[in-house]
Amino acid sequence: MKRRTFLKSMAATGVAASMTGAMIPKEAAARKKLDIGEIKGLKIDVLTETSWFNNDVFKKNIMDYGGANTNQYTIPWQWDNAGGYAVLITVTTLEGNERKFMMDFGWNNDWMDYIYEEKSEVASLIEKDAIEFWVLSHWHLDHYWGVESTLKRKQDLTLYAPKTYYPEDMALLKDKAHHTAKNKETGQMDHICKNDYPHKGKLVLCDPKGENKEGIYRVMPGVAIRNFDVPILLRVRGENVLYFNVKDKGIVTVTGCCHPGILSLFSYARKNFKDYKPYGCYGGLHISLFETWDPKFDDIIKGVKSFKIQKLGCNHCTGWIWAEKAAESGVPVVKGTDKYKSYKKYSTVAKTSNVFLTNGDTVTF
Amino acid sequence: MTEEGEHLKFNYFFGLVNLVVVFLIVWFLWYVFMNPNTVMKLYTPMYGFALVVVFVSSIILMSKVLDVSILYHRAVESENPVTKGIILTIIAFGLMLILNYIVFWGFLGKLGIAYFSPGSIVAAGGTGAEPLMARENASIAILYYFTAFLWIALFWSVGLGRWPWQNSGYGIQVWSRFFVIIFFVNIVYVILFHPHVCYLFYPAQDKAGVAAWWEFSGTTSAFFGLGLALCSLFWIIASDLLWEGYPWKNMEKDGEGTFLKGVVAFFATLVLGIITVYILTRIMNVFWDEAFMGGQYTDGPDFRYIHTGEICGFFILAIFILKHYFNNFPNLASIWARTVIRTVIAIAGGLLIYLFYYSPATTFFLAKVPGVAQPDDKPLVWALLFLSIILVQSEFFDGWPLKRK
């Protein structure tokens, strides 16, 4: 634990020992709020949100090798179940210019090649150097292990990634790593990920202090990255979140998995951004990840309504049943289409309610 | 030898060495059973959590409810604490397996309440009914049940003792106590935890369990009740081990529990538990700002409540360490002085354990990812595993090798 946190703990002990409410500070002093600028509009192209296609297979892989706290690099994942998560983001500036960048790299290189070359314009955009930079949300396998598919097209890309990486993560990025994991049934070392195209571009390792100790990274007017240093399952830590400030509308968040929690993201914006107004969100929201339930998922629905988010676009690890229940409860969930059915594979839990923005869908803010 | 003489003869250095050895044993057990990267990997986390709670409950059931030591000494002539310790530990371990896998998974869950059995959950089908989540959900229900058991059983031990069967024989005493405790455990479980378990499934089992009545707390999660139970348990254990049974002892009659003693002890520790939850959550607000409904990680009210329980779990561990390895220091003449100082030491010790748990050291010892409030990180698992070894030594090995006759 850091020294500052230790000292805070000792201070808290003193406060508790006094047993007087008067010694506990009231509201925190008003923070200096940040002006992150504005954009005119935002368009999200859902390249792929199907990190895996069969929940039960994915869960079995986790369960067989020790559960949620296991190191993801020690699990011989079933390869034909791997897809990936990646997003193409187009910002319209106040001047009317369009600027493009991407979040995440997916998991399975073959799937990502298919997405980039056959189901989107990404391959040609990269070739034309039209994508300014990449943001890695977090080091989870389904957001990162497909990095070769991107790097083989552009090794010198600019990348914003969480500072809280493990050695295997950086080896995959920089050292032509071929990672394997032992299959306990066969005794063989199974391939799990590789990258033969080392990253050679600018790497910005993000932490909660941000640039100039502002707590954020300003990537263009109206767009900022905030790193939340939270411990995550499968021995991963830290997530980068994108904030957009749409003129006359308000704040939009874009996430890979939103592990810190969607309401925590808006709470951060409310406390730290000038003229905060909640508008919308897009991405995985990490709620009923495996289509199960917990009473706190009901809490989140109530909380989302109280935060007055006006446009909720979700997919991936949100959980179809949470999105359906949220929509039934009056949360403004943006519906997707059936375009995903034209892809060579899609999720076995996809539902006709279309409460997810799925592969091939688009949402604008 | 006088009591004062015994205190003077206690070797605090050996106590410290004993504590270090226990720490190493716990580390080894964690490596074998819980570490997510090594052998059995039971820390998924709820499966391992349930097994540890059931193991601690088995020890308490044997030592505090069924007074197994009496039975043991009747059956076995040997006074050897090592023999006794080994036999009773094996029995406690076996009891854990029987309770978890046969009583709950195999009997109650198969023939009655489906959510106690992973197999029954999977067989029922539907959304999310697959082996990993089924085992986790069944484990959540089981650990809730045994948390209620620990609360009631330890309260009974402190507040009532052998009352009202103090004049009856051994068999009537222990079995009556056992069944009455189970009766009250069932009530506590049904009110505090069963509604949550019913809502672990989709659609919610709303004909079997009401919607959480504790929504005023800011969450519909039963971590609210879990925090409350553990905070109350801290005061029960503190009054037993640090305060030598006072102030409840003042309401005894002829050295035995009374109805008044029991009622006062229960409600007083409950009120103290509520106050503790309040104070700890207010302290958390200082560091993490106020939680809000739907918040996650440290912003979640559900996390804040279980965290009060986790903090009290560390305090409880510190109490047991002080009592068993440092002779309940200090043993001053004034009851007020010694109880207040012991309580302060226990709280300080608990905070040190807290700092250790959330330090980088646990990445090495426990393979923990640095940080607070990770949903799959449950500090109570390690704390209770540690506590179980202390209990095994004190209750089954009669404190051997630290305490010799």
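Since every read-out is calculated from the coordinates, none of them should be taken as a lab result. What you see is a predicted model, and the numbers here were worked out from it, not measured in a lab. Here Cβ is always computed from backbone atoms with ideal geometry, including for glycine, and neighbour counts include all displayed protein chains.
Each of B:S359, B:A337, B:F314 was scored by the projection of its Cα onto the charge dipole of region B:249-361, and the greatest displacement toward the positive side belongs to B:A337; charges sit on the C-beta of Lys, Arg, Asp and Glu.
For region A:60-93 and region B:299-325, what is the centre-to-centre distance using only Cα atoms, to the nearest Å? Cα centroid of region A:60-93 versus Cα centroid of region B:299-325: 34 Å apart. Protection proxy ranking for B:370-378, B:77-85, using the average of other Cβ atoms within 10 Å per residue and placing the highest first: B:370-378, B:77-85. Here the simple spin-label model places points 7 Å from the Cα toward Cβ, and for A:K213 and B:S69 these points are separated by 5.8 nm. DSSP assigns beta bridges within chain A; of those with both partners inside it, close to 65 percent run antiparallel. Less than 20 Å from a label point 7 Å out along the Cα-to-Cβ axis of B:I187: which backbone N atoms in region B:254-283 qualify, by residue? Taking a point 7 Å out along Cα→Cβ of B:I187, the residues of region B:254-283 whose backbone N falls under 20 Å are B:257-274. Eigenvalues of the alpha-carbon gyration tensor of chain B, scaled by 5 and square-rooted, set the equivalent ellipsoid semi-axes at 33, 25, 23 angstrom, largest first. Here A:K325 is the anchor, and the lysines within straight C-alpha reach of less than 24 Å, apart from those fewer than 8 places off in the same chain, are A:K59, A:K296, A:K302, A:K305, A:K308, A:K311, A:K335, A:K339, A:K341, A:K351, B:K207. Rounded to the nearest 20, the size of the Cβ-charge dipole of region A:35-364 about its Cα centre is 740 debye, with Lys and Arg at +1 and Asp and Glu at -1.
Shape class of region B:73-181 from the alpha-carbon gyration tensor: prolate, with a/c at 1.5 or above and a/b greater than b/c. Counting other Cβ atoms within 10 Å as a rough exposure proxy, the listed residues A:I36, B:I187 run B:I187, A:I36 from fewest neighbours to most. Shielding by partners for peptide B:364-374, expressed as the average number of C-beta atoms from other protein chains within 10 Å of each residue's C-beta, is 5.
Using a cutoff of 8 angstrom between alpha carbon atoms and counting only pairs six or more residues apart, the relative contact order for region A:35-364 works out to 18 percent. Centroid-to-centroid, using Cα positions, region A:320-365 and region B:14-90 are 50 Å apart. Each label was represented as a point 7 Å from its Cα along the Cα-to-Cβ direction; for A:M170 and B:D289 these points are 3.2 nm apart.
Modelled spin-label separation between A:K184 and B:F259, with each label point placed 7 Å from Cα along the Cα-to-Cβ direction: 5.5 nm. Estimated from helices alone, the mean residue ellipticity of chain A at 222 nm is -7000 deg cm²/dmol (sum of -39500 (n - 2.57) over DSSP H runs with n ≥ 4, per residue).
Think of region A:35-364 as having a plus end and a minus end, set by charges on the Cβ of Lys, Arg, Asp and Glu; of A:Y197, A:V219, A:I62, A:V219 sits farthest toward the positive end of this dipole. For A:W145, A:W79, B:W30, B:W288, the sequence from fewest to most other C-beta atoms within 10 Å is A:W79, B:W288, B:W30, A:W145. Each residue of region B:337-351 is assigned a 3J(HN,Hα), and the resulting list reads 4, 5, 6, 5, 5, 4, 5, 4, 4, 5, 5, 4, x, x, 5 Hz, derived from the Karplus form 6.51 cos²θ - 1.76 cosθ + 1.60 (θ = phi - 60°), x at Gly and Pro.
For the protein assembly as shown, the equivalent ellipsoid built from the Cα gyration tensor has semi-axes of 50, 27, 25 Å, listed from largest to smallest. The distance separating the Cα centre of region B:196-264 from that of region A:185-216 comes to 46 Å. Extension gain for A:K335-A:E121 works out to 74.7 nm (0.36 nm per residue, less the C-alpha to C-alpha distance). Remark: mean inter-chain Cβ contacts per residue of A:257-263 equal 4, using a 10 Å Cβ-Cβ cutoff to other protein chain atoms. Indicate the gyration tensor shape class of region B:320-405 (rounded, prolate or oblate), computed on the Cα atoms with a ≥ b ≥ c the square roots of the eigenvalues: a/c under 1.5 is rounded; otherwise a/b larger than b/c is prolate and the rest oblate. Oblate. Applying the Karplus parametrisation 6.51 cos²θ - 1.76 cosθ + 1.60 with θ = phi - 60° to the phi angles of region A:195-208, what ³J(HN,Hα) value in whole Hz is obtained for each residue in order, glycine and proline being reported as x? Along region A:195-208, the couplings run 8, 9, 10, x, 5, 10, x, 6, 10, 9, 8, 8, 9, x Hz.
Each helix, a run of at least 4 DSSP H residues, gives -39500 (n - 2.57); summed and divided by the residues of chain B, these come to -19500 deg cm²/dmol at 222 nm. Scalar couplings 3J(HN,Hα) for region B:352-365, obtained by applying the Karplus form with A = 6.51, B = -1.76, C = 1.60 to θ = phi - 60°, are 5, 5, 4, 4, 4, 4, 9, 8, x, 4, 6, 4, 6, 6 Hz; x denotes Gly and Pro.
Out of B:F14, B:F49, B:F104, any idea which swings most in a Gaussian network model of chain B, alpha carbons joined below 10 Å? Result: B:F14 has the largest fluctuation of those listed. The ranking of A:E132, A:E239 from fewest to most other beta carbons within 10 Å of each one's beta carbon is A:E132, A:E239. Based on C-alpha pairs under 8 angstrom that are at least 6 apart in sequence, chain B has a relative contact order of 21 percent. For B:K261, the lysines whose Cα comes closer than 30 Å to its Cα, not counting residues fewer than 8 places off in the same chain, are B:K64, B:K249, B:K253, B:K323.
Taking every residue in A:58-67 and counting other chain Cβ atoms within 10 Å of its Cβ, the average works out to 5.
Rg over Rh for chain A works out to 0.97, using Cα positions for both radii and the Kirkwood form for Rh.
Helix B:379-391 against the longest principal axis of chain B: what's the angle in degrees, Cα atoms only, rounded to the nearest 10? The angle comes out near 30 degrees. To the nearest ten degrees, helix B:301-325 and the longest principal axis of the Cα atoms of chain B are 20 degrees apart.
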